[in-house]
Structures are given as C-alpha cells and as structure tokens.
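Taking it in order: structure first as structure tokens, then the write-up.
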Number of protein chains: 4
Amino acid sequence: MITRKERQASPLLDDYPIIYETDVAWGEMDAFQHVNNVVYFRYFESARLKYFERTSMLQEMEETGVGPILHSIGCRFRFPLTYPDRIQVGVRVLTLGEDRLTLHHRVVSERHQRIAAEGEGIVVMYDYRNNRKARLSLTLRSAIAELEGW
Amino acid sequence: MITRKERQASPLLDDYPIIYETDVAWGEMDAFQHVNNVVYFRYFESARLKYFERTSMLQEMEETGVGPILHSIGCRFRFPLTYPDRIQVGVRVLTLGEDRLTLHHRVVSERHQRIAAEGEGIVVMYDYRNNRKARLSLTLRSAIAELEGW
Amino acid sequence: MITRKERQASPLLDDYPIIYETDVAWGEMDAFQHVNNVVYFRYFESARLKYFERTSMLQEMEETGVGPILHSIGCRFRFPLTYPDRIQVGVRVLTLGEDRLTLHHRVVSERHQRIAAEGEGIVVMYDYRNNRKARLSLTLRSAIAELEGW
Amino acid sequence: MITRKERQASPLLDDYPIIYETDVAWGEMDAFQHVNNVVYFRYFESARLKYFERTSMLQEMEETGVGPILHSIGCRFRFPLTYPDRIQVGVRVLTLGEDRLTLHHRVVSERHQRIAAEGEGIVVMYDYRNNRKARLSLTLRSAIAELEGW
C-alpha cells in the first residue's frame, strides 16, 4: 500500500488519499488481448481493501462483527489495458450515510499516463453476527473524514 | 446455452430470451464465504456471450472486423450466493442506439429461487481493423429484435 | 454433479466414479486464445469438491474440524481447450495413506471427444482446530472404497 | 520486473535470476481463508512471463511465430499464504532440451520469510503458424545460458 505522501502518485490521482499499485499480469488478458473486464473489479477490490485497512474497518469487524458488504458497483472502461503495464488505482470516499458509504475508484495506466477506467460502488455496513444492517460507527466516520481531509 | 423454449427457466426470468446456466464453483467464494463480487461479472459475461452467439455477433465480427467492446457495466448484489448452488443468468437487450446496445442481466439462485444480482451494461460496436467506433448493423438489429420479440 | 449412473459420461471416463461437468467460459481464454492453464486447476478443484461432497468429507469437517488441505497438484496439458466447448472432469482416488489420499483428474472435451488434460494431486487431512495433520477416518475410507468399487 | 541486481531479493531466492514480486490480493483467498491453490499458478505464470521477456522469447515469437506452450506444471504447497502479504516468485531454468525447457518456480512470503510453494513446469516451443513443435533457437539458448550464469 502506498499513499501520496509515501510515493510518487500520478497527478491524475491528486484527489485520492489511497493508491493501490500493481503490475498488469499477462494472464489477466482475454482472447481479445486486453485485460478482461472482470479484472478491473478485482483491482477496485484490492484498492478498497487498502482503504478499509487504513481506516481500521477490518480491525473493527473482528472486534464487533460489523463489517462492510458490497451493495453495488460499476465500472466505465475508458481504454483497454494490456500487458505489460503497471497501474495505480486511486480510491476515495464520496459520501457517508447512516449505514453506507460511496466509493470512487480510478485506474491509471503508468505506460499511457491516462485513465483506463473509473467506477463507483456502495458499501453497506453489516452486522455479520446478527445478520442485519448496521450503522457506520463514529470511529470509522472520523477515520474516513481525516483520511479524506474533510 | 439454453433458451426458454428448450428448458425450464425460472419464472423470475420470463422476460429474458437468453438464459445461461452454471453451477456455482466452490473456488468462487472468497474469505467471507460468499461468491466474490468479481465473479458476478464473469457470470454476466458468459451470458452476454451466449446472446452474442445467438445473434451471430461474433460471426459478423470475424467477417467484418466489427465487434462488441464493453463500455461500462454495473451490478447490484441482492443476496450473497454460496456453494453449492446452481444459477440461471438471464440477459436481454433494453435499448439499441446508433453504435451501441444496453443489456440487462439477472442472476437467479436455484436453491433460493430468488434474484441474487442484477446489472446493466453498455456494449459499443467497434471496428477492430480500423480502430474506431462502428454502427450496429441492420443484420444485428434484426436478429436482436427477433430474439426479443419486439 | 453427475455420476456415471445418472448421465451419459464419456467412454474416456469409464474408471471415474465422479464426473463434474461445465461449459468452457469465453472469459477463461487468455491472449493466446486458449483456456488459460490456471483454469484447469479450477476445473480440478470443482471436480474434487464434488468427490468430497459425495463422500461426506466436508460434512465431517464441519463436525470434527478435520478436513482436506491440498498438498500438491500437477497438470499435463494434452491439447488446448477453446470456447465454445463443454467438458467433463472425472476424478477418482488412486491411493489412500494414513493421513492422505492421491486423486487423479481427467478433463475430456465434448466437442473433440478427446482428453484435454490430466493431473494428479495429493490431499492431506488436517485438523483445522488444533493445526496439525490428522488421520483419514474410517468413515471416509469406507465411503471412498465404496464409491471406487474397491 | 526486478532482478537480483536491481533490488533486494530474499536469500531464499539466491539461485533465481528472475524474481517477480507482487502483493497478495484479498480476493485471492477462498472460503478456507487462504490464498486459493489456483492462484499460485497465476503467480508462476507471471514470473515465467518475466523470464520470457528478459530472454526475448515473446519478441522472437512475434517475428518467427515460434513461441512457448505449457506442456505441464505442478506445485507443492508448503504453507498457506494469507492477505496481507507480499511475495517474491523466483524462476529459473533447470534444463534445456531440443524443443523444450524445464522451469522451477519458488514463492517466498515476505511476511513469514519462508517458502510458501515450489513448482516445476515444462515449456515446449511451438510453431504457431504451422501448428507443430519447434526447436529451441540458438538465440534463446544463449540468452538463457547467459541469464542463468551457466
């Protein structure tokens, strides 16, 4: 995991507090010789997990049983990634609700210095012990607000 | 590939001319012991490919170099699939534009007889030989309209 | 899941008591336009899970905490699968040891009526509650011997 | 891609001229909460591709139509990887034959400083234009021997 302070992020990711970085794997390409659409959601997920880690969401989940569940997610593909390349995936929170948060993801190609894809998702807090929705805790709200610089 | 005429489809898929069916694989579950979100997009893709096959889109691509490229896609997760289960994935076209079509996907769990997920995507026709957008051919428009019963 | 008695299996799978069947997904092909090597291990896994189900191994795991862990696995690729195709994956047990079993997997292409791949793996019984190897129970030995017709 | 000269490799990878490095992704874990067995073969593949790149095998493939095809591969799992972790995957050539090479892969966990998995594979040279096996070129033999320090 890297953050803007720790490493040189693409200027296209100035507004993103968390940046996940990875190489494109050859095996992520499909028969059209582009990175398969499914893989972008794995990139989003990996970036999201870094966000969750940084805000101690997963730690809170272990303690309280309340953790994130993905409600919905979408992706707009801008140009097809190919191997070899290296990507930076920025993630930031757009809004917080009583029981949910909206996240934005942006994938930037290092080779092309362009946005390859963008997408938004909604994560809902879920009480896995009692099988019902849960509130977003004050601790998490604070951690997110601080990370976002709100 | 099955169609409504060939096999018993879920009543939840009455409006879907193409239904792709598959078993949930154990290895598609993640550490939360649910089918991972990324996998739903693979289900969508497999269903979409069946639609393309049925309307000869891939055959046309081989002949003319004009084929589909995914512009954007989203998924709303309704309840988490788990192994073992078997799913039916319905796909239908909602709208046709000059160079694009909008598709709707619905995933139904056989075990729960409920909708597990739904999603929409936009596919744009692309001239792979000349690297530019292309029009949706009359042949494809007709094949889609016929399949949809418009 | 199907067994030889329930459905017509390929004659190439006469010696396999459990046969897992699935369609090849378009998205399983890589940039060489063949099913990617990694995917065969997912096919093996899905077939293996069916074997485990049929012999109540996973049920025993829930009750006792003793379940299978993959020790090693290999695959010999005979010819490259492509979309569209449908495969049958046979799985059978070759040997039983004190704490382990050796499995053989065979993938047969419906379109080509040929063996696409074969592989062997070793599964070790593991006590997940006490974090150590465990013995293969008499119940499982009996279930396997019966299924194999030993 | 990194090589021993460019970056600090694990001492467990002293004999490996090519080292591929990546983060373990959360979504690579399965319901047993370990990295799924299938994923190790993707790690192997990514490392192998780096080796191919470094020895210009893929470039030669574009020029001559002769490229690698995977004949067989195996993996011995030593301990289960979990998220979060970072791995180094070493790859080296063990033997060269008329039309083939044997590769060894080793996966080292950064968090545990231990070998997580090892595996060997055979790659055969294939003439994709004429659909038949091909010889390993002198150029490739030299590039491999030089890289291995033979």
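Where a number appears in this text, it was derived from the coordinates with a stated rule and is not lab data. Remember, it's a predicted structure, so these values are computed and weren't measured experimentally. Positions of Cβ are backbone-derived with ideal geometry, glycine not excepted, and every protein chain shown enters the neighbour counts.
Distances from A:ASN131 to the same residue in each other copy, label points 7 Å out along Cα→Cβ, in nm, shortest first?
For A:ASN131, the other copies' label points sit at 3.1, 5.5, 5.5 nm, shortest first.
What's log10 of I(q)/I(0) for the protein assembly as shown at q = 0.06, 0.09 Å⁻¹, Debye sum over Cα points only, no solvent?
-0.32, -0.76
If I take every Cα pair under 8 Å that is 6 or more residues apart in chain C, average their sequence separation and divide by the length, what percent do I get for the relative contact order?
Values: 287 pairs, mean separation 38.7, N = 150.
Once divided by the residue count of chain C, the mean separation gives 26 percent.
Which of the GluC sites (Glu not before Pro) found in the range D:55-132 are loop residues per DSSP with 12 or fewer other Cβ atoms within 10 Å of their Cβ?
On the way: sites: D:GLU60, D:GLU62, D:GLU63, D:GLU98, D:GLU110, D:GLU118, D:GLU120; in loops: D:GLU98, D:GLU110.
Answer by residue number: D:GLU98.
What is the minimum Cβ-to-axis distance for chain C, in whole Å, where the axis maps C onto B, and to which residue does it belong?
C:THR22, 3
In whole Hz, with x marking every Gly and Pro, tabulate ³J(HN,Hα) for the range B:106-115 from phi via Karplus 6.51 cos²θ - 1.76 cosθ + 1.60, θ = phi - 60°.
So the J values, rounded to whole Hz, are 9, 9, 10, 7, 6, 5, 9, 6, 9, 6.
Mind pulling the per residue volume of the convex hull built on the Cα atoms of the range A:14-145? Å³ is fine. Show your work: numbers first, answer last.
Working: hull volume 14.2 nm³, N = 132.
Cα-based convex hull of the range A:14-145, divided per residue, equals 108 Å³.
For the range B:125-134, what does the Karplus curve 6.51 cos²θ - 1.76 cosθ + 1.60, with θ = phi - 60°, yield as ³J(HN,Hα) per residue in whole Hz, taken in order and with x for Gly and Pro?
For the range B:125-134, the Karplus curve yields 7, 9, 8, 5, 6, 10, 6, 7, 4, 9 Hz.
If you fit an axis through the alpha-carbon atoms of helix D:138-148 and take the longest principal axis of the Cα set of chain D, what angle between them do you get, 0 to 90°, nearest 10?
30 degrees
Please give every one of the aspartates and glutamates within straight-line cross-link reach of D:LYS133, meaning a C-alpha to C-alpha distance under 19 Å, and leave out same-chain neighbours fewer than 8 residues apart.
Here the aspartates and glutamates satisfying the reach criterion relative to D:LYS133 are D:GLU60, D:GLU62, D:GLU63, D:GLU98, D:ASP99.
Along Cα→Cβ at 7 Å, what distances in nm separate the C:GLU53 label point from those on the other copies, shortest first?
2.3, 3.4, 4.0
Exposed loop trypsin sites (Lys or Arg not before Pro) only (DSSP loop, at most 14 other Cβ atoms within 10 Å): please give the longest stretch of chain C free of them, not including the sites. Intermediate values should be presented prior to the final figure.
Details: sites that count: C:LYS5, C:ARG7, C:ARG111, C:ARG129, C:ARG135.
Looking at chain C, C:8-110 is the longest stretch - no exposed trypsin sites (Lys or Arg not before Pro) with at most 14 other Cβ atoms within 10 Å.
Convert each backbone phi in the range D:42-53 into a coupling constant with the Karplus relation 6.51 cos²θ - 1.76 cosθ + 1.60 (shift: θ = phi - 60°), then list the ³J(HN,Hα) values in order as whole Hz, x for Gly and Pro.
5, 4, 4, 4, 5, 5, 4, 4, 5, 5, 5, 4
State, to one decimal in nm, how far the label point of C:ASP127 lies from the label point of C:GLU53, with both points 7 Å from Cα in the Cβ direction.
Taking the simple label geometry, C:ASP127 and C:GLU53 are separated by 3.0 nm.
Taking a label point 7 Å out from Cα toward Cβ, give me the nm distances from C:THR102 to the same spot in the other copies, shortest first, one decimal.
1.9, 5.9, 5.9
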